[in-house]
Amino acid sequence: MTEQELFELMYVGNVKNFEEKILYNAEQEMLRGKAGIWCAVADSYVRQLTIIAYNPYPEEYIENNHGDETPPSIKHLVENVNYENFFRWGFSGGLTGNHRIIFAIHNYHKVILLHYFNKKYNGTISRNDIIPAEINYENYCVEDPDLYL
């Protein structure tokens, strides 16, 4: 097996706050003595984030399979977005919500986690959910410009 290069993961916006919420709620469940839904969300989040670090592209772009691991639900954002390098990572947390993180693949070697939100509706992600991600990406690009725009 050849060693695959990792994408560098960067956090911008409210994604770290979402991670802290997951960890806090999972810790509270463990303190009560029973792993529950937040522990399951934390487990799924960590496994999927690891997969994204190796290959952040949607399934149709993936050439090799990850064994029996279910790849994250990643979709390329093409509607309501001003950047071609934006993707949506979604996972269901049951009663905790339908979690969505918008990220960008920056200069083909970084994954920038831009914005977290709880998608409470069906269909295409609305422009209001994308605007915070675009603002965060523009702010990030001040320090590290996108070489391909």
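Some observations on this one:
- Residue check, Y45 modelled with pLDDT of 85 or more, part of a loop (DSSP other than H, G, I, E, B) and surrounded by 14 or more Cβ atoms within 10 Å (Cβ to Cβ): no
- For G67, the conditions (1) at pLDDT 90 or above; (2) of a type in the set (G, A, S); (3) over 20 Å from Y116 (Cα atoms) all hold with the exception of (1).
- Meets criteria (over 15 Å from the mean Cα position of the chain (by Cα), without any contact (Cβ under 8 Å) to a residue 12 or more places away in the chain and not in a helix (DSSP H, G or I)) for V78: yes
- Matching residues, the stretch 81-111, being closer than 24 Å to W38 by Cα, assigned to a strand (DSSP E or B) and in contact (Cβ under 8 Å) with a residue 12 or more places away in the chain: R88, W89, G90, F91, N98, H99, R100, I101, I102, F103
The values are calculated or read from the model by the stated rules, or taken from the named source; none is laboratory data. Note that the coordinates shown come from a computational prediction; the quantities given were computed from them, not determined experimentally. Cβ: placed from backbone, ideal geometry, glycine included. Neighbour counts: every protein chain shown.
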